[in-house]
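Single-structure report; data block below.
The values are calculated or read from the model by the stated rules, or taken from the named source; none is laboratory data. Predicted model, so just to flag it, every value in this text is computed and none were measured. Quick reminder, even Gly has a Cβ in these numbers, built from the backbone with ideal geometry, and neighbours come from all protein chains shown.
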Amino acid sequence: MKTPIAQGRRIGFDYGEKRIGVATSDSESILVSPHATINNDADLSLKIGEILNDVQPIYIVIGNPKHLSGADSSKSDEAASFAALVRSLYEGPIYLVDERLSTQVSYAQMREAGKSARDSKSVIDQIAAVNILETALLNEKSNTSIGTRF
């Protein structure tokens with residue numbers, strides 16, 4: 001028997017060296033929507049804090065870019081550093097979610113929609129964040145691990 005999932009909004013982040021895609025769920029976890037793309041710059045902590053204050057999530061997921069073999073990549077270390085920053089701003093649960101190929105899937109989704117990925121880099125980051133959060137919600141709804149607890 002499935003356990004009902006907790007009510008409350010969730011946030012997904014797709015970390016990148018230049019930009020970070022942000023997605024949020026509704027409080028019933030039915031819809032996941034693009035929320036923002038934020039620049040990875042000196043104001044990052046402030047921007048993340050504003051989003052957390054606005055959304056009030058019950059948990060956060062951050063994409064963990066692993067190798068196809070499943071091993072952590074050098075980008076995994078960067079995602080973990082970003083997770084540490086988020087941890088300094090948020091006391092609730094944070095999960096690292098396998099995001100292998102999420103950006104490539106996002107580019108394919110843009111092409112299928114007839115959009116130019118080159119002209120929509122900030123949208124790509126948001127779509128990748130949506131895919132990461134949707135993966136976490138599917139895991140949660142099927143009573144499997146949301147991701148690796150950070």
*Is there a residue being within 20 Å of S145 (Cα to Cα), surrounded by 16 or more Cβ atoms within 10 Å (Cβ to Cβ) and at pLDDT 95 or above anywhere in segment 102-111?*
no
*Residue list for segment 58-93, restricted to those being modelled with pLDDT of 90 or more, of a type outside the set (G, A, S) and farther than 16 Å from G21 by Cα*: I58, Y59, D77, R87, L89, Y90, E91, P93
*Which number in (1) at pLDDT below 95; (2) closer than 22 Å to E99 by Cβ marks the one condition that T3 misses?*
(2)
*Within segment 26-41, track down each residue that is among the acidic types (D, E) and within 13 Å of V55 (Cα to Cα).*
D26
*Confirm whether S29 is in contact (Cβ under 8 Å) with a residue 40 or more places away in the chain, among the hydroxyl-bearing types (S, T, Y) and more than 26 Å from S74 (Cα to Cα).*
yes
*With respect to G70, is the statement that it is surrounded by fewer than 20 Cβ atoms within 10 Å (Cβ to Cβ) and farther than 17 Å from R9 by Cα true?*
yes
*Of (1) surrounded by fewer than 20 Cβ atoms within 10 Å (Cβ to Cβ); (2) out of contact with any strand residue (DSSP E or B) (no Cβ under 6 Å at 6 or more places or on another chain), N40 satisfies all except one. Which?*
(2)
*From R19, R10, grab the single residue that is among the basic types (K, R), crowded, with 21+ Cβ neighbours inside 10 Å, in contact (Cβ under 8 Å) with a residue 40 or more places away in the chain and within 13 Å of A129 (Cα to Cα).*
R10
*Are there any strands (runs of 3 or more DSSP E) wholly within segment 1-82 with 2 or more residues that are among the β-branched types (V, I, T), and if so which?*
19-25, 32-39, 59-64
*Kindly indicate the residue of segment 55-80 that is farther than 22 Å from H35 by Cα and of a type in the set (S, T, Y) and also farthest from the chain's Cα centre (by Cα) among those meeting that condition.*
S69
*Among the residues of segment 112-122 satisfying the criterion of being assigned to a helix (DSSP H, G or I) and over 28 Å from D54 (Cα atoms), which is modelled with the highest pLDDT?*
E112
*Out of curiosity, is I30 surrounded by 12 or more Cβ atoms within 10 Å (Cβ to Cβ) and β-branched (V, I, T)?*
no
